[in-house]
Amino acid sequence: AHRFVMNQGDAWTFTLTYLRRLVDELIVVPDDEVDARDDIHKEYAAVAESIGRRVGEMHLALAGRGDLPDFAPEPVRPDDLARWATAAADDGLGVVKALRSRFDALPPEAQPLAALLMEREAEIADRLALSRDEATEAGAKIRIHGDLHLGQILVAQNDVYIVDFEGEPSRPVTERRYKTTPIADLAALLRSFDYAAWTTILQMTPGHEPRRGRLERLALSWRDAMSARMTASYRAAIGRGLAFAQNEMFDRILHTLSAGRIFTEIGYELTNRPAWAVIPLSSARNLFSPV
């Protein structure tokens, strides 16, 4: 049983509604006028910051019971870093193999992105490597939400509530209770922001085909700005607690775990929704930018 929370719906629906309204309002406004507005996402910024703060507070709470063995933080070991990096790289190599076998069946807009990933196959492992020598800077492993995305967050008067702590339903209960870096939750949430932007693009393109470029610009600029706001709010909430990776190590772990999720998404979309493979493939292109 759960206490009922008066809310405005889950953050996924709230976000898609917001983005649709934003596009309808600004799609015909010249880019320079849009760029001149510094309050373009004022309404959503408060929500993004609340999400980051509440996720950070959740992780602080989950890391705060060292007296309970099931919740006591455990140091990240060198083998953990190696395992995370290897898993992400293996997923990437598996996806490249799948893309080669299904390339001709991909939608035209996805093919150049797939080709780029295939061309960079030899770089994947190096791009995602995590040095075993830096384990002391990687914080701790804790219990995490484990299935965090915008659909698991309720919006209520510019604040948010995180729900559904049962983990990924497809996994055995023992795996849902595992401890890992809290950055895994943040990586999953950032992917949800990306999917919200691209869902808006794909759903609204039929009505705005001549302005597809502007549609993408509006949605993706929202994604970048609000992802940065949410991440900054999260990092401010966790502070410099010993359970959390800091500075460059934080960024490297986030990069590697995000890549692993992107590769998983590519595999899922290839199997279930080939037309949507462009979403994670677009994100995969960014993996080869400097970290």
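The values are calculated or read from the model by the stated rules, or taken from the named source; none is laboratory data. Keep in mind it's a predicted model, so treat the numbers as computed, not measured. Please note: Cβ atoms are built from the backbone with ideal geometry, for glycine as well, and neighbour counts cover all protein chains shown. These area figures cover heavy atoms from the full protein model, side chains too; ligands, DNA and RNA do not enter into them. Shrake-Rupley method; radii C 1.70, N 1.55, O 1.52, S 1.80 Å.
Suppose the filter is part of a helix (DSSP H, G or I), open to solvent by less than 30 Å² (accessible area, probe 1.4 Å) and charged (D, E, K, R); does ASP80 pass it? Yes; evaluated as a whole, the condition is true for this residue. None of LEU190, LEU154, LEU186, LEU148 is under 19 Å from the mean Cα position of the chain (by Cα), among the hydrophobic types (A, V, I, L, M, F, W, C), in a loop (DSSP other than H, G, I, E, B) and modelled with pLDDT of 90 or more except LEU148.
Restricting to the range 135-176, what's the tally of residues that are without any contact (Cβ under 8 Å) to a residue 24 or more places away in the chain and hydrophobic (A, V, I, L, M, F, W, C)? The number of residues fulfilling the criteria is 2. Here LYS141 meets each of (1) at pLDDT 95 or above; (2) in a helix (DSSP H, G or I); (3) surrounded by 14 or more Cβ atoms within 10 Å (Cβ to Cβ) with one exception, condition (2). Selection over the range 117-134 of residues that are free of Cβ contacts under 8 Å to residues at least 24 places away in the same chain and open to solvent by less than 60 Å² (accessible area, probe 1.4 Å) gives a count of 1. Hey, among the residues in the range 204-220 that are touching a residue at least 40 places away in the same chain (Cβ under 8 Å) and surrounded by fewer than 20 Cβ atoms within 10 Å (Cβ to Cβ), which one's nearest to GLY239 (Cα to Cα)? Across the range 204-220, the extreme among qualifying residues is ARG217. Here are ALA63, ALA110, ALA72, ALA114: which of them is crowded, with 20+ Cβ neighbours inside 10 Å, in contact with a strand residue (DSSP E or B) (Cβ under 9 Å, 6 or more places away or on another chain) and farther than 14 Å from ILE253 by Cβ? Criteria check complete, one pass: ALA63. Per the listing PHE14, PHE4, PHE71, the residue uniquely aromatic (Phe, Trp, Tyr) and out of contact with any helix residue (DSSP H, G or I) (no Cβ under 8 Å at 6 or more places or on another chain) is PHE4.
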